[in-house]
Amino acid sequence: MRIAMASDHAAVGLKAALADWLRAEGHEVEDLGTDGEASVDYPDFGYRLAGHVAAGKAERGVALCGTGIGISIAVNRHPGVRCALVSEPLSATLSREHNDANVIAMGARIIGIEMAKACLTAFLTTPFGGDRHARRVGKLGQPLI
Ligand code: RB5
C-alpha cells in the first residue's frame, strides 16, 4: 500500500520507527516531514498530509504528534479525509469498519511502538463495512449547512 506519513518534532522518532517497519512489511512509504527535532507547528504537517491523501497521492496517511490530538484536528479540517485518533487497536479497526478512515493519528507521548504497530496493522487490514456506514460517511464529505 502507498502510505504517507507526517509528524511534528515530538513524533519524529516514532515516525522513523514506524516507517522502517512499514517498509519492511512491504509498503511504499513517503515521509512528508518533519525531519528533525527542531520545533515546528503540527498544522503545517497535518495540512500537507491531508492534501496528499485527498489528492490520491497515497492510499492511507499516518499523522503523528505528541498527543496525536493537534495533528488529527489539522488533518480533519480537510473535507476529503477522515482521520481517526487512536491509542488501541479496537478503535483503529472500527475507524475503518464504520468511518472508512483514510488517516490514522497517534500520539508519540501517549503510546509505545508496539501499540502503535498494532493500531497500524488494524488500520491497514480492516475493510470498510459499507451499507449503513456508507450513508453516514457520505454526509461527512458534504459541505456544512
Ligand atoms: C508539541 O509540543 C505538542 O504540542 C504537539 O506535539 C501535540 O501534542 C499537540 O497536539
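Listed values for segment 38-43 are Karplus-derived 3J(HN,Hα) couplings in whole Hz (6.51 cos²θ - 1.76 cosθ + 1.60, θ = phi - 60°), namely 5, 5, 10, 10, 4, x, and x replaces Gly and Pro.
Taking all protein chains together and a probe of 1.4 Å, list K15, K57 from the most accessible to the least accessible.
Reading off the accessible areas and sorting them downward yields K57, K15.
Judged by the ratio a/c of the largest to the smallest principal axis of the C-alpha gyration tensor, segment 47-145 counts as oblate, that ratio being 1.5 or greater while a/b is no larger than b/c. Put simply, the amide H of E30, placed in the peptide plane, has neighbours under 5 Å in I3, A4, M5, leaving out anything fewer than 5 places away on its chain. For the pair segment 50-91 and segment 117-136, the centres of their Cα atoms are 14 angstrom apart.
Among V12, V40, V29, which one moves the most in a GNM of the chain with springs linking Cα atoms closer than 10 Å? So, out of V12, V40, V29, the one fluctuating most is V40.
Given charges of +1 on the Cβ of Lys and Arg and -1 on the Cβ of Asp and Glu, with all other atoms neutral, how large is the dipole of segment 1-54 about its Cα centre, in debye to the nearest 20?
Computed about the Cα centre, the dipole is about 160 debye.
Relative to the current alpha-carbon distance between M115 and D35, full extension at 0.36 nm per residue lengthens the span by 26.5 nm. Annotation: amide H of A105 within the under-5 Å range of A63, A84, L85, V86, sequence separation 5 or more or interchain, hydrogens built in the peptide plane. Scalar couplings 3J(HN,Hα) for segment 73-89, obtained by applying the Karplus form with A = 6.51, B = -1.76, C = 1.60 to θ = phi - 60°, are 5, 4, 4, 6, 6, 8, x, x, 10, 10, 9, 10, 8, 9, 9, 8, x Hz; x denotes Gly and Pro. Applying 1/(1 + (r/R0)^6) with r as the Cβ-Cβ distance of S87 and Q142 and R0 = 25 angstrom yields a FRET efficiency of 0.30.
Among L90, L64, L120, the largest mean-square fluctuation in a Gaussian network model of the chain (Cα springs under 10 Å) belongs to L90. Helix 12-24 against the longest principal axis of the chain: what's the angle in degrees, Cα atoms only, rounded to the nearest 10? So the inclination is approximately 70 degrees.
Potential lengthening of the chain between A55 and F128 amounts to 24.3 nm, from the contour at 0.36 nm per residue minus the alpha-carbon distance. Decide, for segment 1-41, between rounded, prolate and oblate: order the square roots of the alpha carbon gyration tensor eigenvalues as a ≥ b ≥ c, take rounded if a/c falls under 1.5, and otherwise choose prolate if a/b is larger than b/c, else oblate. Prolate, because a/c is 1.5 or more and a/b exceeds b/c.
Taking amide H atoms as placed 1.01 Å from N in the peptide plane, the amide H of G68 lies under 5 Å from those of A108, each 5 or more residues away in sequence or on another chain. The Cα atoms of segment 93-145 define a convex hull whose projected area, averaged across directions, is 4.5 nm². Helical content alone sets the calculated 222 nm signal of the chain at -13500 deg cm²/dmol, taking -39,500 (n - 2.57) per DSSP H segment of four or more residues and averaging over every residue.
The values are calculated or read from the model by the stated rules, or taken from the named source; none is laboratory data. Treat the numbers as computed from the prediction; the structure is a model and nothing was measured. Positions of Cβ are backbone-derived with ideal geometry, glycine not excepted, and every protein chain shown enters the neighbour counts. Heads up: the accessible areas ignore ligands, DNA and RNA and are worked out on the full protein's heavy atoms, side chains in. Shrake-Rupley method; radii C 1.70, N 1.55, O 1.52, S 1.80 Å.
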